[in-house]
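What follows is calculated from the coordinates using simple rules that are stated; it is not laboratory data. Model, not experiment: these values are computed from the prediction. Quick reminder, even Gly has a Cβ in these numbers, built from the backbone with ideal geometry, and neighbours come from all protein chains shown.
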There are 2 protein chains.
Amino acid sequence: MLPTNDSVQTVNPRLALLETPALLLDEAKMRLNIARLVQRIGPMGPILRPHLKTVKSLDIARLLLSGGTGPATVSTLSEAEAFAAAGVNNIIYAVGITPQKLGRVAAIRAAGCDLSVLVDSVEQARAVAEASTRFKQVIPALIELDCDGHRGGVHPADPKVVQIGRTLVDGGAELRGVLTHAGGSYSASGREAHAASAEQERKAAVDGAKMLRAAGLPCPVVSIGSTPTAHAVEDLEGITEVRAGVYVFFDLVQAGIGVCDVKDIALSVLTTVIGHQYDKGWILTDSGWMALSQDRGTASQKLDQGYGLVCDESGAVLSDLIVIDASQEHGIIACRPGSGTKAPHLPVGSRLRILPNHACSMASQFNHYNVIPADPEAPLKMWPRFGGW
Amino acid sequence: MLPTNDSVQTVNPRLALLETPALLLDEAKMRLNIARLVQRIGPMGPILRPHLKTVKSLDIARLLLSGGTGPATVSTLSEAEAFAAAGVNNIIYAVGITPQKLGRVAAIRAAGCDLSVLVDSVEQARAVAEASTRFKQVIPALIELDCDGHRGGVHPADPKVVQIGRTLVDGGAELRGVLTHAGGSYSASGREAHAASAEQERKAAVDGAKMLRAAGLPCPVVSIGSTPTAHAVEDLEGITEVRAGVYVFFDLVQAGIGVCDVKDIALSVLTTVIGHQYDKGWILTDSGWMALSQDRGTASQKLDQGYGLVCDESGAVLSDLIVIDASQEHGIIACRPGSGTKAPHLPVGSRLRILPNHACSMASQFNHYNVIPADPEAPLKMWPRFGGW
């Protein structure tokens with residue numbers, strides 16, 4: 001049900017001073033999301049290794065990481081450098097290593113952070129071994145396994161797994177273990193499908209580890225994870241750690257596949273109405289793709305949320321109101337086609353919140369979070385975030 | 001034709017020190033693109049008012065703007081502030097004004113820049129008039145006209161045009177003129193279609209101006225423009241200025257609609273091969289959507305370029321090789337489906353360039369340009385760019 005006319009008002013005086021577009025983070029929701037995965041994985045035994053590519057924030061990393069120091073996962077060396085400088089001492093850089101980046105890896109390690117890299121070819125293993133010699137640093141590497149054909153990694157039954165492992169060990173690098181990621185789980189819907197993806201992840205990792213051990217090679221780390229599988233996994237036998245990232249904020253893609261509810265989404269963009277095309281039912285705002293990102297992850301889901309689902313300024317969803325189109329600095333809001341609902345009256349200057357298709361993308365469009373504390377009397381907090389490589 | 005095996009090599013020693021992903025700008029191509037529009041519009045009479053939302057760079061603004069000081073167009077107040085601080089003294093903020101932003105507008109004007117705003121409603125005109133009184137600054141506003149139904153603006157025959165104009169003038173603001181943008185031209189292909197869009201733009205602007213003048217209101221500025229229409233317009237009678245932005249870099253969307261050739265595209269992302277899935281014909285790189293952007297503007301064109309067209313490190317197009325998929329920090333390169341071509345051998349560590357679907361989006365993913373000067377002996381230049389609102 002949409003609110004009636006004039007029910008959409010400024011309800012949060014703390015937001016009044018923000019210029020739009022602005023990135024909002026609901027701290028209470030985020031803390032619940034963080035606790036939910038800790039409570040789920042903790043009792044099962046494996047370590048939780050959050051993926052910090054979603055948050056790129058020292059303030060949030062402190063809340064996320066065990067003791068504030070790790071273990072952690074990152075997607076860029078600039079993340080590794082920033083988090084290592086802040087005291088995170090155990091990091092996996094979970095993108096296949098570029099040989100040219102190994103000098104920076106060695107420098108981060110030399111500064112005291114146990115940074116490990118990812119390889120899925122003998123060529124990369126050789127590069128890691130050579131860098132270990134050149135930089136006088138035994139660089140640890142995990143072998144990336146392919147559990148669902150969605151991206152990189154070696155098939156766990158491929159003899160290359162052992163060749164890569166041996167190239168690392170014989171060349172003077174460290175074979176730290178195996179890692180896999182069920183990226184395919186993002187396009188599967190429902191707990192049963194995600195549990196099946198999780199078992200696929202587990203089996204690939206355990207099979208790869210077994211093959212290495214059978215060849216007399218070490219495999220201390222057996223790492224799996226994605227937000228959908230981490231929330232659905234039933235059996236973690238043989239697994240030493242679970243990774244996940246977007247669970248901290250959640251988003252419409254995750255809601256669309258049943259991993260969370262829309263009300264769990266902690267991230268949004270605050271926007272302002274700048275105009276109308278009344279004959280078309282359009283509400284124009286000052287938040288285009290530069291603020292919302294161009295992620296259209298729900299386009300292939302059952303419920304297409306356009307460039308984002310619209311909430312009033314307090315965060316209450318205005319059902320069936322979505323951002324139907326976006327240019328660089330303009331958003332066009334309208335009722336979902338076929339919904340039969342009517343948009344509320346939103347005069348120029350009204351404020352709204354837009355929920356993200358993909359939290360990683362939306363967050364990356366901004367250089368700080370405006371954090372709304374749970375205590376309604378507490379002021380907003382400004383938490384910086386960083387980007388780059 | 002694809003190069004044969006082993007023909008893809010490091011050819012540009014200036015790029016060797018760059019870590020990937022990195023944003024490259026070919027200075028010679030950019031200068032030709034800039035000159036092309038100056039040579040086209042200059043002799044026709046109207047002023048050229050480049051849109052700086054594409055470049056967000058003081059170094060490029062100096063090359064683009066007449067005398068380095070304007071006139072210019074921007075899409076955010078942070079652009080207005082940065083360019084005004086650098087001496088640009090005549091700017092249109094070409095996104096419908098949010099009433100809450102008028103304090104910043106007045107401050108930029110008070111510091112000596114003739115910044116004008118855009119309105120398409122009586123509500124906004126009233127807000128501009130009120131702010132003119134409150135901040136003791138006669139704020140100039142242009143009325144946004146809708147020439148093709150694609151976004152905001154008042155229909156040029158709508159009596160609201162005069163109401164808005166009168167609200168501005170009677171309230172103590174300044175009516176600077178009318179402005180329209182044929183955003184629809186981006187989805188039309190070929191010079192004839194763009195010339196028709198340009199005439200639609202011209203007619204809407206001239207009709208709006210006529211209506212204001214007939215009502216005894218001033219209309220000194222009659223502003224139109226988009227990259228496709230600026231390059232195709234045949235008649236500029238009644239028009240005082242032309243705006244365009246993406247013409248500086250060009251991109252695959254513009255090439256796809258015939259405004260430029262692929263060889264004119266001055267912007268690319270330098271990337272490194274990190275792996276292969278040989279059975280699928282996939283080449284994995286370290287540049288995902290965080291580097292390339294999520295723009296899929298060519299998806300609706302005749303030739304879908306995926307997340308970007310692949311070139312060797314020197315910038316020569318590897319025909320039919322495109323980025324078929326992208327996650328946050330991974331790109332997957334493969335031959336265009338159905339092309340029947342075979343990818344060249346690209347060992348781990350090979351460098352490639354990826355051309356953008358949309359230059360504005362790709363550039364916004366980076367905080368600086370690595371500028372390749374025309375002189376092959378000259379070193380790379382590092383030109384900062386900014387973002388935010």
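Highest GNM mean-square fluctuation among B:L309, B:L32, B:L175, for chain B modelled with Cα contacts below 10 Å: B:L32.
Residues whose amide H falls under 5 Å from that of B:L118, counting only those 5 or more places apart or on a different chain, are B:V95, B:I97, B:L142, with hydrogens built in the peptide plane. Comparing A:T240, A:T180, A:T54 in a Gaussian network model of chain A, where Cα atoms under 10 Å apart are tied by springs, the biggest mean-square fluctuation is seen for A:T240.
Under a 5 Å amide H cut-off, with hydrogens placed 1.01 Å from N, A:T73 pairs with A:H51, A:L52, A:I92 among residues at least 5 apart or on other chains.
Within the listed set A:A209, A:A316, A:A230, the residue fluctuating most in the Gaussian network model of chain A (springs between alpha-carbon atoms under 10 angstrom) is A:A316. With respect to the axis relating copies A and B by rotation, the chain A residue whose beta carbon is closest, plus that distance in Å, is A:Q294, 2. Sorting A:S223, A:S187, B:S327, A:S116 from the fewest to the most surrounding beta carbons within 10 angstrom yields A:S187, B:S327, A:S116, A:S223. Shown here for the stretch A:282-389: GluC sites (Glu not before Pro) in loop regions (DSSP other than H, G, I, E, B) with at most 13 other Cβ atoms within 10 Å, namely A:E377. Summarising the label geometry, the points placed 7 Å from Cα in the beta-carbon direction at B:A111 and A:E192 lie 6.1 nm from one another. Kirkwood analysis of the Cα pair distances in the protein assembly as shown returns a hydrodynamic radius of 27.3 Å. Straight-line cross-link partners of A:K160 among the lysines, defined as a Cα under 16 Å from its Cα and at least 8 positions apart when in the same chain: A:K210.
In vacuum, with every alpha carbon of the stretch B:89-244 counted as one equal point scatterer, what does the Debye formula give for log10 I(q)/I(0) at q = 0.11, 0.19, 0.21 Å⁻¹? Two decimals, please. So the normalised log intensities are -0.40, -1.07, -1.24. Computed extension length for B:V138-B:D158: 4.6 nm, one decimal, from 0.36 nm per residue of separation with the Cα-Cα distance subtracted.
Each label was represented as a point 7 Å from its Cα along the Cα-to-Cβ direction; for A:D170 and A:K203 these points are 3.2 nm apart.
Output the DSSP H helices from chain B with an along-axis C-alpha extent of no less than 15 Å and a mean Kyte-Doolittle hydropathy no less than -0.5.
Correct list, ordered by number: B:27-41, B:122-134, B:160-171.
For the peptide B:274-287, the mean number of other protein chain Cβ atoms found within 10 angstrom of a residue's Cβ is 5. Both radii are taken from the alpha-carbon atoms of the stretch A:188-291; with Rh as the Kirkwood radius, Rg/Rh is 1.24. Inter-copy label distances at A:G388, shortest first and taken from points set 7 Å along Cα to Cβ: 1.4 nm. Annotation: Cα Rg of chain A relative to the compact-globule expectation 2.2 N^0.38 Å equals 1.06. Pair-distance distribution of the stretch B:261-389: all C-alpha pairs, bin width 10 Å, starting at 0; shares per bin in whole percent are 13, 45, 33, 9, 1.
For the stretch A:5-109, a Kirkwood hydrodynamic radius built from all Cα pairs, placed in the Stokes-Einstein relation at 10 °C and 1.306 mPa s, yields a translational diffusion coefficient of 98 µm²/s. In whole percents, the pair-distance distribution calculated for the stretch A:81-177 from its alpha-carbon pairs, binned every 5 Å from zero, is 3, 15, 25, 24, 16, 10, 5, 1. For the listed residue pairs A:K29/A:K381; A:K29/A:K302; A:K342/B:K101, the alpha carbons are over 18 angstrom apart in A:K29/A:K302; A:K342/B:K101. Placing a label point 7 Å from the Cα of A:K381 along the Cα-to-Cβ direction, the residues of the stretch A:46-69 whose backbone N falls under 15 Å of that point are A:56-65, A:68. Using the beta-carbon distance between B:T69 and A:Q39 and R0 = 60 Å, what value does 1/(1 + (r/R0)^6) give for FRET efficiency, to the nearest 0.05? It comes out at approximately 0.50.
Each other copy places its own label point for A:D170 at 8.9 nm from this one, sorted shortest first, where the point lies 7 Å along the Cα-to-beta carbon line.
Each residue in A:M290, A:M211 was given a count of other beta-carbon atoms within 10 angstrom of its own, and listing them fewest first yields A:M211, A:M290. A DSSP coil position with no more than 15 other Cβ atoms inside 10 Å describes the following GluC sites (Glu not before Pro) in the stretch B:219-266: B:E234, B:E237. Measuring nothing but alpha carbons in the stretch B:194-243 and taking Rh as the Kirkwood radius, the Rg to Rh ratio lands at 1.00. Inter-copy label distances at B:T69, shortest first and taken from points set 7 Å along Cα to Cβ: 5.9 nm. When restricted to Cα atoms, the stretch A:233-283 yields an Rg and a Dmax of 18.6, 61 Å, respectively.
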